1. Report yes if Leu717 is under 19 Å from Ile754 (Cα atoms), open to solvent by less than 10 Å² (accessible area, probe 1.4 Å) and modelled with pLDDT of 95 or more, otherwise no.
2. Starting from residues that are among the aliphatic types (A, V, I, L, M) and open to solvent by 40 Å² or more (accessible area, probe 1.4 Å), keep the ones in the stretch 699-711 and report whichever is farthest from Phe745 (Cα to Cα).
3. Please tell me if Leu625 is under 18 Å from Tyr486 (Cβ atoms) and of a type outside the set (Asp, Glu).
4. Output the number of residues of the stretch 718-767 satisfying the condition of being touching a strand residue (DSSP E or B) at 6+ places or on another chain (Cβ under 9 Å), β-branched (Val, Ile, Thr) and either farther than 16 Å from Leu501 by Cα or not in a helix (DSSP H, G or I) (or both).
5. Sort out which residues of the stretch 246-274 are open to solvent by less than 50 Å² (accessible area, probe 1.4 Å) and either modelled with pLDDT under 90 or assigned to a loop (DSSP other than H, G, I, E, B) (or both), and write them in order of number.
6. Hey, among Arg117, Arg151, which residue is under 23 Å from Thr382 (Cβ atoms), open to solvent by 10 Å² or more (accessible area, probe 1.4 Å) and modelled with pLDDT of 90 or more?
7. Among helices (runs of 4 or more DSSP H) lying entirely in the stretch 642-691, which contain 2 or more residues that are open to solvent by less than 10 Å² (accessible area, probe 1.4 Å), free of Cβ contacts under 8 Å to residues at least 40 places away in the same chain and closer than 25 Å to Arg707 by Cα?
8. Can you give me the number of residues within the stretch 39-80 that are more than 19 Å from Gly617 (Cα to Cα), small (Gly, Ala, Ser) and touching a Gly at 6+ places or on another chain (Cβ under 9 Å)?
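The values are calculated or read from the model by the stated rules, or taken from the named source; none is laboratory data. Owing to the predicted nature of the structure, the values given are computational and were not obtained by experimental measurement. For neighbour counting, all protein chains shown are included, and Cβ atoms are generated from backbone atoms with ideal geometry for every residue, glycine included. These area figures cover heavy atoms from the full protein model, side chains too; ligands, DNA and RNA do not enter into them. Shrake-Rupley method; radii C 1.70, N 1.55, O 1.52, S 1.80 Å.
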Amino acid sequence: MTYIVDLGDVSASDLATVGGKAGKLGELVREGLPIPPGFVITTATYQAFVDATSLKKEIPAALASIHVDQPSTVEAAAQRIRNAFEATPFPADLRKAIVEAYEAFVRKHAVKFAAVRSSATAEDLEGASFAGLQDTYLNVTGTDNVLTAVRKCWGSLFTGRVLVYRQRKGFDHSEVKLAVLVQKMVDATVSGILFTRDPNTGENHMIVEAAFGLGEAVVGGEVTPDHYVVDGATLKLVHKQISEQKVQILRAEGGGNRREEIPSAQRKVQKLSDHRLHRLVSLARLIESHYRRPMDIEWCGDADSLYIVQARPVTTIPTSTAPKATGEDGEAHGTEGKSEDRPILRGFGAAPGIAMGIARILRGSAEMEKLKPGEVLVTTMTTPDMVPAMSQASAIVTDEGGMTCHAAIVSRELGVPCVVGTREATTVISEGMEVTVDGKAGVVYKGFTHRAKSVAAAAAVAAAAPAGQSASHHHEGVPVTATKIYVNVGVPEKAEEYARLPVSGVGLLRIEFIFTAHVRDHPLSLIKRGKRDELVRRLAEGVGKVCQAFHPRPVIVRTSDFKTNEYRGMPGGEEFEPSEENPMIGWRGCSRYISPVYKPAFLCELEAIHRVRTEMGMKNAMVMLPFVRNTWELEEIAEMMKAQGLRRSRDFQLYLMAEVPSTVLLAREFSQHCDGFSIGSNDLTQLVLGADRDSETLGRMGYFDERDPAVLRAISLLIEGAHAEGRTVGICGQGPSVYPEFAEFLVREGIDSISLNADTVLPTIRTIASLEQRMKLSGLRHRP
């Protein structure tokens with residue numbers, strides 16, 4: 001069994017042993033092209049590592065848990081496998097083989113830093129580049145660091161994004177293996193990508209893009225590179241566009257990468273001299289001649305030389321010209337004409353086609369759940385983690401990047417129209433704006449242009465149903481609302497069913513329902529009996545089940561809000577719960593969490609949520625605190641949460657239930673401690689009106705009514721105060737579904753979201769959509 005081979009001894013015919021990347025580079029070494037020296041840790045090594053360890057059973061078990069119509073199962077399986085790879089030690093014989101090869105390589109080539117690169121058997125193929133989906137680690141130094149990088153590369157064969165991509169391309173997960181290529185690291189001062197044929201039009205033009213520093217910034221779309229067009233026949237420069245580059249990625253002193261600002265005087269300098277450009281396209285012509293097909297080439301250069309670091313077939317050369325938009329008369333038209341059809345943005349046409357949709361601005365992969373199928377994804381740059389969202393978008397528009405960045409390559413393979421390098425898409429396009437994207441011309445229009453509608457409508461329909469998901473799950477004909485619609489979840493067992501509803505996530509998951517269904521005993525009783533770990537595990541399993549079903553859509557977990565009489569009814573509860581005359585306004589919500597008596601149980605809730613987010617990888621789990629009375633109790637709770645690893649950030653939000661009038665009256669002050677509010681209309685009504693919500697007498701007499709003017713005024717004050725501080729406001733309850741006039745009031749006041757019981761979701765969506773349409777027609781808008 002061959003564990004290690006020299007890069008110069010392999011070719012594309014060795015695909016099954018060394019993977020696509022290494023195989024193609026090995027051929028070019030033998031052709032005398034400038035390739036950094038290296039060696040390959042073969043797929044046999046990978047297989048031996050799996051067969052000799054617990055991974056042999058772990059990988060099939062995790063893959064078997066995947067259900068194509070449940071994205072959460074993909075992420076859960078991926079995290080499970082990656083964790084297993086990183087935790088599994090090398091068998092002695094494999095470790096010895098890799099260490100000896102690396103040490104010999106270091107001595108022979110005077111290597112100080114290495115690039116450790118994934119080379120999969122399903123990679124760099126016709127029709128499937130797998131661009132950026134498996135891991136690469138640059139500027140790695142030292143034996144232990146190389147071994148760690150190798151295991152991480154192997155694990156990256158099973159990231160969620162790779163599993164989704166392979167599924168879409170029809171590859172069998174169990175048949176794909178991964179080799180690892182270790183090469184001498186070039187201390188790059190300039191890097192980029194080259195197409196030997198225009199991938200967008202198929203014309204005989206070489207497209208070259210170049211940027212200062214390492215190529216990660218170009219591939220990742222972090223910078224807009226210089227753009228050169230070279231005639232493929234004469235090798236003469238046809239077009240040159242120099243872009244401003246503010247940052248570059250360079251080698252860090254002790255290994256790894258660092259970002260550095262480029263001095264202002266050098267930002268608009270041509271990145272690749274004319275002499276080096278000619279040398280590069282000459283090398284590219286040799287590569288194309290060798291493979292006898294258009295090639296996609298990655299290259300870099302240090303102070304002295306240029307190097308080829310990857311070569312693969314262009315995966316998206318069009319076989320025919322992309323269809324033009326047609327008007328109602330059936331005549332072909334250009335997309336520019338009337339003033340309203342003039343573009344608001346121009347960039348590089350990266351993937352052909354025309355599509356229209358609602359713009360959704362994503363600041364990173366953590367916001368993927370914002371994007372609904374058929375919407376236009378607008379972002380500064382895409383990353384491999386965003387592939388699931390990209391596959392659902394009707395079109396993609398980026399600030400940065402060129403025709404060879406990640407967004408461009410993946411968009412072409414997905415067949416999604418794409419415009420990159422617009423510089424200002426995320427500022428010119430506003431959230432929710434209707435736009436039309438022409439991926440061939442490289443332009444974006446405001447609105448649904450008349451001439452594009454016939455083509456764009458077809459593209460939108462095609463993009464509306466994600467792969468593997470049945471139309472019934474997508475609720476065709478259900479209108480889209482500006483007001484976000486969430487669902488309330490009581491018991492985890494209903495999560496998978498509810499996840500098929502057309503909702504933005506879970507607006508209310510009551511953790512006390514998990515206590516009753518999964519824990520049953522009073523939490524302090526379990527702790528006293530030495531069953532704290534069991535308590536945390538049961539809570540985490542219940543919360544995790546809901547988060548997995550809805551992933552990546554957010555799940556807002558409301559921490560426990562039992563009243564003392566309810567807690568006393570749990571097994572073991574009488575020992576810990578006092579008897580209160582009025583539990584409804586007694587020891588409940590946040591007042592319990594900061595009390596020395598109940599604090600140990602609350603810490604278990606926090607630990608369970610942290611476990612869901614870290615060990616299960618369900619970053620969609622958020623927290624909401626009930627029955628908040630004062631800001632000072634929030635300060636104490638925030639410290640408790642930080643101690644449990646739960647700190648407010650971009651991907652972890654904290655919400656407050658707005659139930660007590662103090663929260664309404666001091667909305668701006670409370671906003672400093674949270675990311676948003678959810679109106680608990682039952683408690684708010686009883687406390688504004690002084691009407692016990694459990695009193696049958698007052699209820700029959702009409703005292704308890706969410707539509708009372710005083711309650712409506714309280715809601716208005718909350719929305720006004722929260723929005724002034726940039727916080728969101730939602731509501732969870734039946735009021736909007738029971739009373740159309742209450743729903744209309746909320747929409748007019750600018751409520752951000754409504755969370756409903758599952759049985760009322762579909763009819764309430766139609767009610768809200770009708771209200772929003774009437775408001776639009778009458779010229780009314782949400783209050784700011």
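1. Numbers: under 19 Å from Ile754 (Cα atoms): yes; open to solvent by less than 10 Å² (accessible area, probe 1.4 Å): no; modelled with pLDDT of 95 or more: yes.
So Leu717 does not fit the description; no.
2. We begin by selecting, within the stretch 699-711, every residue among the aliphatic types (A, V, I, L, M); these are 701, 710-711.
This time we only want the ones that are open to solvent by 40 Å² or more (accessible area, probe 1.4 Å), so: 701, 710.
Numbers: Met701: 24, Ala710: 13 Å.
Per the stated criteria, the residue is Met701.
3. yes
4. Total satisfying the criteria: 7.
5. Within the stretch 246-274, Ala252, Gly255, Gly256, Ile262, Arg267, Lys271, Leu272 qualify.
6. Details: Arg151 fails: under 23 Å from Thr382 (Cβ atoms).
Going through Arg117, Arg151 in turn, the sole match is Arg117.
7. Details: elements: 661-665, 667-670, 681-689.
In the stretch 642-691, the matching helices (runs of 4 or more DSSP H) lie at 681-689.
8. 0
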